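A.B. asks: Got a structure for you, questions after.
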Amino acid sequence: MTAPLRVGVLGLGVMGSVMAAAFSRSPRWRLAAVYDPDPRRVTEVIDLWSEPEVLVGERYLTDPAACELDVVAIATPPAHHAQPAIGALRAGAHVVCEKPLALTAAEGRRMVAAARASGLVAAVDLQQRYNPVRRRLRELLRDGYVGRPRFALLEIAAPELHERTWTWLSSRENGGGVLREYGSHAVDLVRWLFGEIGAARGATRVVDELRTDESGTERGVTAEDAAVIVLEAGDGVLVNIVLSNLARERGRRIEVHGDRGSLFLDDDARLVGHRRDGAHEVHEAPETEPSLMGWAGDTYTQPVARFLDDVAVAIADPDHVPEFATFEDAAAVMRVLDEVERSARRASAGGGA
């Protein structure tokens, strides 16, 4: 194996910490630099994962040449993706970026242009492509289990977002809300399963207009608590996506119905098939590896680790065909979400979807 890639992580919230854990557990990577404006997060990550000589400071991530980084991983809020990503690519470092790609479509286009000009790997952490059960679902679809897919339903209920205090996730202007937080995964999954997406429309709702921040101050909420997306993908597959942080229990469900059968996936755990001829099957899928579990019920760390390994292979081997989402893929997802937002605004203004 070649020498480990030197990587720096910018932003150490939930996904930045998951990335740091995955980098530290893999022989393909060496965690060389970290930064977060909250020093407590920096200390926690260093204590858990880093080698003693890890560098701490924003300048190492915004100027990767300063510590000879091969890769910059960006896990900041969406409003702070574009500048460090473009800077790293121009400085000659590959980039891994958390989703959504950017705050605006214009920023996303600039990031895509920088990635193309650099010729470097620019990947987005839409890691559900590497979830073992979802990969099994895709295999069955490609093998023709349901025949020609005609309708799909994706539901995500995420109470953890609703139960938090006010943060940037409560602000649509900063990239918060279920549409971008969870819709980016859902739309990418639709493209990955069925192909390109045509027209899309939808509706969104802000249910709780006030939320208390960490200081106890009530602040306005502009990020949506619920969203419904209707779109068509691939060879005429009608898709309905339902996103909510209002449920009191977490849940995820995928249904795919075709002219020969159906597949049902509940909570990334049980994949069941029904044939039109009456056959009923439970399909086995690889289990999550205990060594890649960060906490009870963790469905993030293993897919993120597999995603990052795929990035490392792509960097080392130009002929490797990766499965990760590129900046171009993530920009296509942004296009769909922007279209849904425009549709929702027209509908709320009385102009119809």
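The values are calculated or read from the model by the stated rules, or taken from the named source; none is laboratory data. As the structure is a prediction and not an experimental result, all values here were calculated from the model. Because the Cβ atoms are built from the backbone with ideal geometry, glycine has one as well, and the counts that use them run over all protein chains shown.
A.B. asks: What are the residues in segment 1-28 that are surrounded by 23 or more Cβ atoms within 10 Å (Cβ to Cβ) and part of a strand (DSSP E or B), if any?
C.D. replies: V7, G8, V9, L10
A.B. asks: E224: assigned by TED's automatic domain parsing to the domain that holds T167, modelled with pLDDT under 90 and under 20 Å from the mean Cα position of the chain (by Cα), yes or no?
C.D. replies: Criteria met by E224.
A.B. asks: Of the numbered conditions (1) touching a residue at least 24 places away in the same chain (Cβ under 8 Å); (2) acidic (D, E); (3) surrounded by fewer than 23 Cβ atoms within 10 Å (Cβ to Cβ), D143 fails exactly one; give the number of that condition.
C.D. replies: (1) is the only condition that D143 fails.
A.B. asks: Scan segment 190-212 and give yes if some residue there is without any contact (Cβ under 8 Å) to a residue 12 or more places away in the chain and not basic (K, R), otherwise no.
C.D. replies: Taking segment 190-212 and keeping what is without any contact (Cβ under 8 Å) to a residue 12 or more places away in the chain, we get 210.
When the remaining residues are screened for being not basic (K, R), the result is 210.
Taking every residue of segment 190-212 in turn, at least one turns out to be without any contact (Cβ under 8 Å) to a residue 12 or more places away in the chain and not basic (K, R).
A.B. asks: Now a separate question. Looking for whichever is of a type outside the set (A, V, I, L, M, F, W, C) and touching a Gly at 6+ places or on another chain (Cβ under 9 Å) here; the options are G220, G261, G216. Which one fits?
C.D. replies: On the way: G220 fails: touching a Gly at 6+ places or on another chain (Cβ under 9 Å); G216 fails: touching a Gly at 6+ places or on another chain (Cβ under 9 Å).
The unique qualifying residue is G261.
A.B. asks: Sticking with this structure for a sec: Tell me which helices (runs of 4 or more DSSP H) are completely within segment 130-233 and hold 1 or more residues being aromatic (F, W, Y) and under 25 Å from A344 (Cα atoms), or say none if there are none. So that I can check it myself, show each step before the final result.
C.D. replies: On the way: elements: 132-142, 159-162, 178-181, 183-194.
The qualifying helices (runs of 4 or more DSSP H) are 183-194.
A.B. asks: If we scan segment 172-189, do we find a residue that is surrounded by 15 or more Cβ atoms within 10 Å (Cβ to Cβ) and farther than 21 Å from L126 by Cα?
C.D. replies: Keep residues of segment 172-189 that are surrounded by 15 or more Cβ atoms within 10 Å (Cβ to Cβ), which gives 172, 174-189.
Within this subset, residues satisfying the condition of being farther than 21 Å from L126 by Cα are none.
There is no residue in segment 172-189 that is surrounded by 15 or more Cβ atoms within 10 Å (Cβ to Cβ) and farther than 21 Å from L126 by Cα.
Listed here are the residues, each with its yes/no results for (1) among the aliphatic types (A, V, I, L, M); (2) surrounded by fewer than 18 Cβ atoms within 10 Å (Cβ to Cβ); (3) closer than 21 Å to A316 by Cα.
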position	(1), (2), (3)
L31	yes, no, yes
V42	yes, no, no
A66	yes, yes, no
L69	yes, no, yes
P78	no, no, no
Q128	no, no, no
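A.B. asks: Which residues, counting only those in segment 235-246, are modelled with pLDDT of 95 or more and closer than 12 Å to L193 by Cα?
C.D. replies: V237, V239
A.B. asks: Another question, then. Are there any pairs with C-beta distances below 6 angstrom linking a residue in segment 166-178 that is closer than 14 Å to A102 by Cα and assigned by TED's automatic domain parsing to the domain that holds M15 to a residue that is among the basic types (K, R) and at pLDDT below 75, with the two at least 6 apart or on different chains, and if so which?
C.D. replies: none
A.B. asks: Could you list all residues from segment 243-263 that are among the hydrophobic types (A, V, I, L, M, F, W, C), surrounded by fewer than 17 Cβ atoms within 10 Å (Cβ to Cβ) and not in a loop (DSSP other than H, G, I, E, B)? Please lay out each step first, then the result.
C.D. replies: As a first pass, look at segment 243-263 and keep what is among the hydrophobic types (A, V, I, L, M, F, W, C): 243, 246-247, 254, 256, 263.
Those left that are additionally surrounded by fewer than 17 Cβ atoms within 10 Å (Cβ to Cβ): 246-247.
Result: no residue meets the conditions.
A.B. asks: For segment 308-340, enumerate the residues that are in contact (Cβ under 8 Å) with a residue 40 or more places away in the chain, more than 14 Å from A122 (Cβ to Cβ) and not in a helix (DSSP H, G or I).
C.D. replies: Once the filter is applied, which keeps residues that are in contact (Cβ under 8 Å) with a residue 40 or more places away in the chain, more than 14 Å from A122 (Cβ to Cβ) and not in a helix (DSSP H, G or I), segment 308-340 yields only E323.
A.B. asks: For segment 58-116, give me each residue that is among the charged types (D, E, K, R), in contact with a strand residue (DSSP E or B) (Cβ under 7 Å, 6 or more places away or on another chain) and over 29 Å from E339 (Cβ atoms).
C.D. replies: Quick first cut of segment 58-116, residues among the charged types (D, E, K, R) only: 58-59, 63, 68, 70, 90, 98-99, 107, 109-110, 116.
After this cut, where a residue has to be in contact with a strand residue (DSSP E or B) (Cβ under 7 Å, 6 or more places away or on another chain) as well, the list is 58, 68, 70, 98-99.
E58, E68, D70 - these are the residues of segment 58-116 that are among the charged types (D, E, K, R), in contact with a strand residue (DSSP E or B) (Cβ under 7 Å, 6 or more places away or on another chain) and over 29 Å from E339 (Cβ atoms).
A.B. asks: Pick from segment 91-112 the residues that are closer than 21 Å to A65 by Cβ and either over 20 Å from the mean Cα position of the chain (by Cα) or of a type in the set (D, E) (or both): which of them is surrounded by the most Cβ atoms within 10 Å (Cβ to Cβ)?
C.D. replies: It comes out as A93.
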